[in-house]
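Asker: This structure is in structure tokens; I'll ask about it shortly.
Each reported figure results from applying straightforward, stated rules to the coordinates on display, with no laboratory input. Remember, it's a predicted structure, so these values are computed and weren't measured experimentally. Please note: Cβ atoms are built from the backbone with ideal geometry, for glycine as well, and neighbour counts cover all protein chains shown.
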Amino acid sequence: MKRYLLIVLLFISYSLVNAQHLPLLGNYMFNGLTINPAYAGSRKALSIAATHRTQWAGFEGAPTTQVLSAHGRLERQKLGLGLMFLKDKIGLTNQYGAYGTLAYYVDFKDKSRKRVNKSYRRYRLFHRLKESKLSFGLQFGYSHVRTNWSQAILEEENDPLFTDIPNYEFVPNVGVGMYYYNDVFFAGLSAPNLLNTNGSPFGDERTFGNFLFSTGFLLNLNEYIQWQPSTLLRYIENSPVQFDINSNFIFYEKLLAGLSYRHQDALIPIVQLYVSDQFRVGYTYEVGISDLKKYHHGSHEILLMYEFRFKSKVMHPKYF
């Protein structure tokens, strides 16, 4: 029985690494590059973000993830460029990834802006759609997946089920995306994993299809408080549609606090402190609600983000 339980655990670990080039982070809504290549350059600044995630704390062999990303805009060429580096560990498996991103921007100008009454501008959510940008992104890179099978504790030494499994694998990847946004609304569609990759070390099963749709808006509740609801839909081939519902409140443009619900998986309190217009610190804690909750103490995630601005401030730089 233990032998088959070990097989199941190893299968899950390996499949998670290969079926998706990047784990879904709790802070993805503040660093869209992790879910959509078209996000590169959207902040009109050189944006650098570092994330550390400890998933399922207290569970032996649970995933840990570190992500370092940077992206910026070439305004005259209407191009966005990005880089992302990943280290992911699940059980006996380590994944190291490097990805480059290129995005092209189309601007939508509102020629009627001068004719709009100033008092009306506070509530003109749909009017702002005329001052939006649309980007198309392409991401390319690879992952180096290495599994130390020698550390596996087996009931049978030299078990043939494991001796024929490769210790390492190079997994190329290509992703695409679209991102539409202005200072009060955004919507994105992406396919981060377009290449078929070997999803199982125990056979020839192939995985393909990881499609994400995200959208949200910003609403001024009063002079000091803003509300930012958003959602994320995720489809993986041969799996039911998963979704997140996020609700964040921004107080005095200095503190963000909110709560996310990940369908049948977790409740996620979120807090961020805007130390300055350029630097922010964020923390999320995922409270498990699935059947696995009895085996772990939740998941922790820390985000550090700094932005170098060269000309002017970004439209609502703290929010999208």
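Asker: Could you compute the net charge surrounding Leu259? Neighbours are other residues with a C-beta less than 13 Å from the C-beta of Leu259; K and R count +1, D and E count -1.
Answerer: Around Leu259, the charge tally is -1.
Asker: Another one. Could you check the spin-label model distance between Glu131 and Val241? Points 7 Å from the Cα along Cα→Cβ, value in nm.
Answerer: Inter-label distance under the simple model: 3.3 nm.
Asker: Still on this structure, I have one more. If I model a spin label as a point 7 Å beyond the Cα along the Cα-Cβ vector, how far apart are those points for Asp291 and Thr54 in nm?
Answerer: Here the modelled spin labels are 2.7 nm apart.
Asker: Points 7 angstrom from Cα along the Cβ direction at Phe279 and Lys254: gap in nanometres?
Answerer: 1.6 nm
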